[in-house]
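I have placed the structure first, in the form of structure tokens, so that the comments after it can refer back to it.
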Amino acid sequence: NAGVTQTPKFRVLKTGQSMTLLCAQDMNHEYMYWYRQDPGMGLRLIHYSVGEGTTAKGEVPDGYNVSRLKKQNFLLGLESAAPSQTSVYFCASKYRPFDQPQHFGDGTRLSIL
Amino acid sequence: SQQGEEDPQALSIQEGENATMNCSYKTSINNLQWYRQNSGRGLVHLILIRSNEREKHSGRLRVTLDTSKKSSSLLITASRAADTASYFCATVVNDYKLSFGAGTTVTVRA
């Protein structure tokens, strides 16, 4: 079982460049999430999706866009990268019920110069 | 804003000792979950406790929940070097969103 797979694992961008982070899950989970993790701040929710074709904003959505065209994939886009977006990005997925845990990928470490 | 806040921020213990960390939260919850994060890895789910439960055990883990005080604690007994990690509590209010605290970093010394 692959679980939740994130690509790429590392990336360095220049300010103003764009890129897409890919998250793929093979557990048939309905819900998928993108978080960013910064030192001392825990995980902050960027965007989430409760099903194919649906997305919603989390706590810190500015500067990011997402798409979920297929149930197993959740894409996070940075249209014009800024140094403040330097972070570790985590994707997670879960089944719908309240008492189901989230399953996480191993993260994408993104540096913006 | 973060719902849960862990205390202490960091904890250093000797192998074989117990480690206790606490989580406080602000609003009513459906359940509370604890996760572990090893360096350079994603979070891994450890244990879930529902709002109508007061205590739960899983192996060397013991979790308590006091909804009147809006707090939870995670106890790791007989710690091992492999328990060195960051631990996060996450509160669940609805079926789609978890709110994570900033975490407790635990170092187990050999």
Please enumerate the residues belonging to segment B:75-97 that are away from every other protein chain (no Cβ under 14 Å), in contact with a Ser or Thr (Cβ under 7 Å, 6 or more places away or on another chain) and not hydroxyl-bearing (S, T, Y).
B:L75
Members of segment B:23-47 that are closer than 28 Å to A:T7 by Cβ, aliphatic (A, V, I, L, M), out of contact with any Leu (no Cβ under 7 Å at 6 or more places or on another chain) and open to solvent by less than 50 Å² (accessible area, probe 1.4 Å)
B:L43
Could you give me the residue pairs with C-beta distances under 6 Å whose first residue belongs to segment B:83-110 and is within 18 Å of A:Q100 (Cα to Cα), whose second residue is part of a strand (DSSP E or B) and open to solvent by 40 Å² or more (accessible area, probe 1.4 Å) wherever it lies, and which are 6+ apart or on separate chains?
B:Y96/A:V50
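So, in segment B:98-110, of the ones that are at the interface with chain A (Cβ under 7 Å from one of its Cβ atoms) and at negative phi, which residue ends up farthest from the chain's Cα centre (by Cα)?
Step one: filter segment B:98-110 for residues at the interface with chain A (Cβ under 7 Å from one of its Cβ atoms), giving B:98, B:100-103.
Restricting the remaining residues to those that are at negative phi gives B:98, B:100-102.
Working: B:L98: 13, B:F100: 10, B:G101: 9, B:A102: 11 Å.
Ranking the qualifying residues of segment B:98-110, first place goes to B:L98.
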Among the residues listed as A:S49, A:S93, A:S87, the single one being open to solvent by less than 60 Å² (accessible area, probe 1.4 Å) and either aliphatic (A, V, I, L, M) or in contact with a Leu (Cβ under 8 Å, 6 or more places away or on another chain) (or both):
A:S87
I need a count of the residues in segment A:26-43 that are more than 12 Å from every other protein chain (Cβ to nearest Cβ) and over 8 Å from the mean Cα position of the chain (by Cα).
3
Take segment B:34-46 and flag every residue that is at pLDDT 95 or above and out of contact with any Phe, Trp or Tyr (no Cβ under 9 Å at 6 or more places or on another chain).
B:N38
Quick one: which residue in A:S80, A:S49 is within 11 Å of another protein chain (Cβ to nearest Cβ) and of a type in the set (S, T, Y)?
A:S49
Inspect segment A:97-109 for any residue being touching a residue at least 12 places away in the same chain (Cβ under 8 Å), small (G, A, S) and within 8 Å of chain B (Cβ to nearest Cβ) and give the result as yes or no.
yes
Please go through segment A:8-49 and give me each residue that is without any contact (Cβ under 8 Å) to a residue 40 or more places away in the chain and under 11 Å from A:F74 (Cα atoms), ordered by number.
A:H47, A:Y48, A:S49
May I ask you to list pairs of residues, at least six apart or on different chains, whose Cβ atoms are under 7 Å apart, with the first in segment A:62-84 being touching a residue at least 60 places away in the same chain (Cβ under 8 Å) and the second being of a type in the set (G, A, S)?
A:L78/A:S18; A:L78/A:G63; A:E79/A:S18; A:S80/A:G16; A:S80/A:S18; A:A81/A:G16; A:A81/A:S18; A:A82/A:G63
Could you run through segment B:23-47 and say how many residues are in a loop (DSSP other than H, G, I, E, B) and at the interface with chain A (Cβ under 8 Å from one of its Cβ atoms)?
4
Qualifying strands (runs of 3 or more DSSP E) (wholly inside segment B:48-110; at least 1 residues being crowded, with 20+ Cβ neighbours inside 10 Å and at pLDDT 95 or above)
B:61-66, B:71-76, B:85-92, B:104-109
Would you check if there is a residue in segment A:55-65 being in contact with a Gly (Cβ under 6 Å, 6 or more places away or on another chain) and within 14 Å of chain B (Cβ to nearest Cβ)?
no
Just name the residue that is modelled with the highest pLDDT out of those in segment B:1-22 that are buried (at least 17 other Cβ atoms within 10 Å of the Cβ) and outside any strand (DSSP E or B).
B:G4
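The values are calculated or read from the model by the stated rules, or taken from the named source; none is laboratory data. Note that the structure is a prediction, hence the values are computed from the model and not measured. Every residue, glycine as well, gets a Cβ built from its backbone with ideal geometry; the counts of neighbours run over all protein chains shown. The protein model used for the area step is the full one, side chains on, heavy atoms only, and it has no ligands, DNA or RNA in it. Shrake-Rupley method; radii C 1.70, N 1.55, O 1.52, S 1.80 Å.
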